[in-house]
Amino acid sequence: MKPIPGYIEELADRLTASGHLSDPRWRQVLHAVPRHLFAPSLAWVDGGEEPNRLVDRAADEGAWLRAVYADTSITTQFDDGATPLEAGGENYTSSLSAPGIVIAFLELLALNDHHRVLEIGTGTGWTAGLLAQRVGDHNVTSVEIDAALSAGAGENLKAAGRSPRLVVANGADGWPPGGPYDRVHVTCGVREVPYAWVEQTRPGGRIVFPWVPGFAFGHQTRLAVTSGGRAIGRFAGNAGYMMLRSQRFELYAPAVEEDGEQTTTRLDPRTVTGDSYGCDVALAALVPGLTSVEEDTSDGGVRLHLREPDGSWALADYTPGRDHFAVAQAGPRRLWTEVEAAYLRWVSWGSPDRERFGLTITPDGQTIWLHSPDNAINP
């Protein structure tokens, strides 16, 4: 079997070739905090186009190591721990994130050796270990709401020779006793940025997180904190993450979808969801509260589910061979009508890419803007 350093070096080479790893210091950190120390012996590996597959270290350690040092996520918890890991399930609630996205977010932090870091979401402890290796154990505070996960992370970190401060608490509140922080590193999806993170960050500090508003995919986001208590920044790339527990979509916008008002549309629902990531940001801004799920149906069809917290819902169905597509919607709002108008408004702006949009956080909430912070687009 190949020595562990060989697996790590091959992974680092792949991340460099893909553009995720550009700072050689993170290559050194990957060697110092080996990923396999944070992976369960029974590993549910994301198969991409394939269903999640279980890899057993006891049965085939070589296959397990290849899975651990692939650029893929490993599910480490189902149903908040209510379902045994070996049983598997559909409701993934914690994971060892894919190395590529982990390093991409760590590089967005632009760390210096003296930086004090707050991490939201300890999980397995791997990213806390990487941060501690980079800036020192005493400079890293990692907050985890799940006591069992935090305890397991502590054991993993001990095996890796690292000892950052681990706190069991609600990450949405940050951790004031450890502040002020130079950097905030968030490992779960966020729809609304908690202002506590801004309050606990020094002026000039950075907050890096996956912004997952609910429509389509999520976005890597980096904000800088100003002296006026605001945080301003832009979107940097893709990010699909499990949500901050208090912002999970099933709590936020449960499915209703009974009989509704029947209409048709000439706009192909696949165009709305597949056009560009800039379109995704615009729709999230222009149709507040929107969540979506895209479902493949029989005979090559696609159904777009839209939901909103007040109980509004819509279905838009692409059917091959048709020029008009069925729409059903109900509730206080007509979500497909709003989505269609928002999409065409984005087209009228010249279909700007994701990088043209940004986010501002203040005590009053968050604002999404186009081109510059003084050009807010959300209601």
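With n ≥ 4 as the cut-off for DSSP H runs, can you work out [θ] at 222 nm for the chain, using -39500 (n - 2.57) per run divided by the number of residues, rounded to the nearest 500?
Result for the chain: -8000 deg cm²/dmol, rounded to the nearest 500.
For the ranges 352-361, 132-141, what's the packing order if you count other beta-carbon atoms within 10 Å of each residue, average per peptide, and put the highest first?
Peptide ranking by packing, descending: 132-141, 352-361.
Based only on other Cβ atoms within 10 Å, what is the fewest-to-most ordering of 325, 249, 209, 235?
249, 325, 235, 209
What is the distance, in nm, between label points placed 7 Å from the Cα along the Cα-to-Cβ direction at residue 83 and at residue 58?
Simple spin-label model gives 2.2 nm for this pair.
Determine the dipole magnitude for the chain: charges of +1 sit on the beta-carbon of Lys and Arg, -1 on that of Asp and Glu, nothing else is charged, the reference point is the Cα centre, and the result goes in debye to the nearest 20.
Around 1460 debye, computed over the chain.
³J(HN,Hα) across segment 259-270 via Karplus (A = 6.51, B = -1.76, C = 1.60, θ = phi - 60°), whole Hz, x for Gly/Pro?
My calculation for segment 259-270 gives 4, x, 5, 9, 9, 9, 9, 8, 7, 5, x, 5 Hz in order.
To the nearest 20 debye, what is the magnitude of the charge dipole of segment 90-165 about its Cα centre, counting +1 on the Cβ of each Lys and Arg and -1 on the Cβ of each Asp and Glu? Mind showing how you got there, number by number?
Numbers: 5 positive and 8 negative charges, 51 e Å.
It works out to roughly 240 debye.
Taking +1 at the Cβ of each Lys and Arg and -1 at the Cβ of each Asp and Glu, which of 152, 69, 30 sits farthest along the dipole of the chain towards its positive end, judged by Cα position relative to the Cα centre?
Positive-most Cα among the choices belongs to 30.
Which one of 218, 129, 181 is farthest out on the positive end of the charge dipole of segment 4-238, using unit charges on Cβ (Lys, Arg +1; Asp, Glu -1) and the Cα centre as origin?
Checking the options against the dipole of segment 4-238, the answer is 181.
With unit charges on the beta carbon (Lys/Arg positive, Asp/Glu negative), name the residue among 106, 81, 236 whose Cα is farthest towards the positive pole of the charge dipole of the chain.
106
How large is the dipole of segment 131-235 about the Cα centre if only Lys and Arg carry +1 and Asp and Glu carry -1, each at its Cβ, rounded to the nearest 20 debye?
Computed about the Cα centre, the dipole is about 420 debye.
Taking each pair of distinct Cα atoms in the chain once, what is the resulting Kirkwood hydrodynamic radius in Å?
The answer is 21.9 Å.
What ranking do 54-64, 30-40, 310-320 get when scored by the average of other Cβ atoms within 10 Å per residue, highest first?
My ranking of the peptides, most packed first, is 30-40, 310-320, 54-64.
According to a simple spin-label model (label point 7 Å from Cα along Cα-to-Cβ), what is the distance in nm between residue 17 and residue 113?
3.3 nm
Pull out the extension gain between residue 376 and residue 295, defined as 0.36 nm times the separation in residues minus the alpha carbon to alpha carbon distance; nm, one decimal.
Taking residue 376 through residue 295 to full extension adds about 26.0 nm, to one decimal.
For the chain, what proportion of DSSP beta bridges, expressed in % and rounded to the nearest 5, is antiparallel?
Close to 75 percent.
Here, each number is a calculation from the coordinates, and none is a lab measurement. This one's a predicted model, so the numbers in the text were calculated from it and none came from an experiment. Cβ: placed from backbone, ideal geometry, glycine included. Neighbour counts: every protein chain shown.
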